[in-house]
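Inspection log for the structure reproduced underneath, given as structure tokens.
The values are calculated or read from the model by the stated rules, or taken from the named source; none is laboratory data. Note that the structure is a prediction, hence the values are computed from the model and not measured. Virtual Cβ from ideal backbone geometry, glycine too; neighbours counted across all protein chains shown. The area values use the complete protein model at the heavy-atom level, side chains included, leaving out ligands, DNA and RNA. Shrake-Rupley method; radii C 1.70, N 1.55, O 1.52, S 1.80 Å.
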Amino acid sequence: MASQLEQAQRLAKEAPQQAIELYSSVLFADSASSYTVADREVALLSLAALFERMQDAAALTKLINGSQGYLTAVSKAKSSKLIRTLVDRFNGIEGGLQPQIATCQGMVEWARGENREYLRQALETRLISLYLDNSMYTEALALISLLLSELKKLDDKMQLVEVHLLESRVYMAIKNLPKSRAALTSARTAANSIYTPPPLQAHLDLQSGTLHADEGDFKTAYSYFFETMEGLSVYVTPKSVDENAAPTSAAGDLSSAGSPATYEQRQLQAFAYMLLCKIMIQQPDDITALLATGKTASKFRDHRTVAALQAVAKAQKQRSLADFERVLSEYRDELQNDELIRNHLTALYDTLLEQNLVRLIEPYSRVEIAHIAKLIGLPIRVVENKLSQMILDKVFYGILDQGNGCLVIFPEPKHDSTYDTTLDTIKSLSNVVESLYAKAATL
């Protein structure tokens with residue numbers, strides 16, 4: 001029957017429907033047939049790969065559900081590996097997240113019915129990651145709570161690290177940074193008592209760096225991103241990254257085995273975050289030196305994401321709002337698809353806008369808002385709103401004369417210490433009176 005599998009492999013590209021029929025005849029043949037367990041495994045995996053290439057999520061779901069009989073017949077370790085591989089095949093199908101979640105939920109129930117607790121827990125961990133990708137945060141937190149209580153009883157440290165790490169990412173996604181930090185601390189505590197595989201350690205470092213960046217500690221974040229990039233160096237091969245692909249989201253699964261290309265995409269993501277940290281701490285000149293040194297950094301020099309961040313650094317150095325907007329427009333996909341980069345570049349844009357406005361209004365005590373808008377090249381409404389915000393934040397002192405369409409700038413008021421000195425004097429006199437009263441009471 002190897003000849004039938006070879007025939008199906010030859011037909012896979014030219015006549016996929018015929019290949020599907022041949023693979024199905026091998027996989028679903030009765031037990032009396034001469035097909036071995038290995039032949040059925042090849043047929044199962046080949047069908048899954050074929051459905052992924054055909055972008056047929058429904059057929060892949062049907063295949064996984066229909067192969068449960070075969071999965072029951074093989075060893076538990078083999079079936080666990082096969083199920084995880086089959087579920088991951090949805091990753092290559094556009095719009096396959098919802099079918100992947102439904103299939104994973106079905107396999108969790110199947111594993112529970114078969115009393116395969118380890119497989120069920122592994123699938124539930126994968127399901128949490130899928131919930132996170134689909135922004136189903138309530139369902140993810142509910143499943144995390146149940147799974148953590150089980151894992152703590154079993155003292156499964158490796159699985160605990162992964163679930164706590166997912167918990168940290170869920171809380172970060174809903175902007176609950178204290179709980180995200182607490183979950184990450186729990187993950188690191190569990191990781192310290194076991195051998196942590198480098199991909200999982202890299203994911204811990206990436207999450208730590210992301211949290212520090214969200215808190216504004218970009219120097220510490222930079223060091224964590226550097227550790228992430230270096231920790232994955234031994235898992236990648238040269239030139240395995242797609243130069244036109246944006247870095248993958250931080251929601252991926254670093255703890256599981258992956259291809260060299262996947263790890264190199266992670267390296268690219270960490271390196272992009274390193275460049276972002278240099279931009280946010282006002283050190284754009286360091287980016288050139290960073291690209292010139294190190295084998296890992298140099299291979300990403302021509303990637304569009306790196307080029308986009310270089311252009312942002314150049315615009316920041318020149319304090320040019322027009323250049324910054326041009327870069328955001330030219331590299332929209334590279335700079336907007338990643339949440340961390342998007343959020344911090346939005347903050348940087350506001351800072352650049354503020355710096356430019358301060359520079360423009362500096363020579364004036366009274367100036368038309370329309371004139372400022374013309375100089376900076378933005379709509380009057382945008383400039384007016386920003387000036388109003390700057391006045392409330394006390395970046396400068398002034399008022400908006402909307403009746404005349406003018407900005408009136410006041411000199412910075414000098415601090416008068418008379419009020420503070422008077423309060424101190426009154427407080428001292430009060431202490432003296434209370435002291436005299438206490439002494440008089442003792443007489």
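Out of 365, 388, report the one residue that is on the phi < 0 side of the Ramachandran plot, hydroxyl-bearing (Ser, Thr, Tyr) and touching a residue at least 40 places away in the same chain (Cβ under 8 Å).
When all the criteria are applied, what remains is 365.
Please specify each residue of segment 168-192 satisfying the condition of being touching a helix residue (DSSP H, G or I) at 6+ places or on another chain (Cβ under 6 Å) and hydroxyl-bearing (Ser, Thr, Tyr).
168, 171, 180, 186
Only one residue in 10, 53, 40 is under 26 Å from residue 118 (Cα atoms) and among the basic types (Lys, Arg). Which one?
That would be 40, the only listed residue that is under 26 Å from residue 118 (Cα atoms) and among the basic types (Lys, Arg).
Among the residues of segment 334-342, is there at least one that is open to solvent by 40 Å² or more (accessible area, probe 1.4 Å) and at pLDDT 90 or above?
Scanning segment 334-342 turns up at least one residue that is open to solvent by 40 Å² or more (accessible area, probe 1.4 Å) and at pLDDT 90 or above.
Need a quick list: helices (runs of 4 or more DSSP H) entirely within segment 108-176 having at least 1 residues that are polar (S, T, N, Q) and within 19 Å of residue 208 (Cα to Cα).
In segment 108-176, 117-133, 157-173 are the helices (runs of 4 or more DSSP H) which contain 1 or more residues that are polar (S, T, N, Q) and within 19 Å of residue 208 (Cα to Cα).
Within segment 379-394, track down each residue that is open to solvent by less than 60 Å² (accessible area, probe 1.4 Å) and in contact with an Asp or Glu (Cβ under 9 Å, 6 or more places away or on another chain).
386, 390
So the check is Cβ under 6 Å with 6+ separation or different chains; which pairs have a first residue in segment 193-209 that's over 16 Å from residue 262 (Cα atoms) and a second one that's small (Gly, Ala, Ser) and open to solvent by less than 10 Å² (accessible area, probe 1.4 Å)?
207/168; 209/221
Is one or more of the residues making up segment 305-315 under 28 Å from residue 350 (Cα atoms) and over 24 Å from the mean Cα position of the chain (by Cα)?
yes
Name the residues in segment 208-225 that are open to solvent by 40 Å² or more (accessible area, probe 1.4 Å) and more than 18 Å from residue 185 (Cβ to Cβ), would you? Can you show your working first?
Filtering segment 208-225 down to residues open to solvent by 40 Å² or more (accessible area, probe 1.4 Å) leaves 212, 214-217, 219-220, 222-224.
Correct list: 216, 219, 222.
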